[in-house]
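Below: one structure, written as structure tokens.
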Amino acid sequence: MIALGCDHGGFPLMKTVKDYLDEHGLEYKDYGTYSEESVDYPEYAKKVARAVLSGECDRGILICGTGIGITIAANRFKGIRAANCTNAFMAQACREHNDANILGMGARVIGPGTAVKILETFLNTPFSNGERHIRRIHQIDEGV
Ligand code: RB5
């Protein structure tokens, strides 16, 4: 199950994401927002972060105008590793190296074609399980 969340700035790109998930038979829970009416992105970041941390969803996708605010908000939750990606290389690296559990994207930064490549890469790339990467991920949460 994939948790989806966006603000008004990210809303236009969320349709592309949902179309991709529908076409590939991937289940999701849409935590909103559901229009281009102005809202506050932290609310949606929190809903998706909680859905991932509770185990209700395996991964999350968060979209705002830049992808910045909504991933900053999600990363305030211990155990969340949200990566704002602008290309497929970043999506691959955030899975292989950082075991990112939330993908962030900016609807005012990337187009739908790039978004689909990023999404596909994020969903299909496993964590490398490399010892040094595991160690660094543990260090992120230490002392928080
Ligand atoms: C909303 O105008 C915009 O600030 C928001 O979508 C996001 O880009 C914030 O980081």
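Laboratory data are not the source of any read-out in this text; all were calculated from the coordinates shown. Predicted model, so just to flag it, every value in this text is computed and none were measured. Note that we place each Cβ from the backbone using ideal geometry, even for glycine, and neighbour counts take in every protein chain shown.
A few comments on the model shown:
- Across the stretch 106-127, the number of residues qualifying as surrounded by 13 or more Cβ atoms within 10 Å (Cβ to Cβ), more than 16 Å from the ligand (Cβ to nearest atom) and under 16 Å from Ala83 (Cα atoms) comes to 11.
- Screening Gly79 with (1) among the small types (Gly, Ala, Ser); (2) touching a Pro at 6+ places or on another chain (Cβ under 9 Å); (3) part of a loop (DSSP other than H, G, I, E, B) gives one miss only, at (2).
- Any hit, the stretch 35-48, residues being touching a Ser or Thr at 6+ places or on another chain (Cβ under 8 Å), among the charged types (D, E, K, R) and crowded, with 18+ Cβ neighbours inside 10 Å: no
- For the stretch 34-48, a tally of residues being assigned to a helix (DSSP H, G or I) and within 14 Å of the ligand (Cβ to nearest atom) returns 5.
- Which listed residue is within 15 Å of the ligand (Cβ to nearest atom) and in contact with a Ser or Thr (Cβ under 8 Å, 6 or more places away or on another chain), from Thr86, Thr66, Thr71: Thr86
- Qualifying positions in the stretch 1-33 - within 16 Å of the ligand (Cβ to nearest atom), closer than 20 Å to Glu56 by Cβ and not in a helix (DSSP H, G or I): Leu4, Gly5, Cys6, Tyr31, Gly32, Thr33
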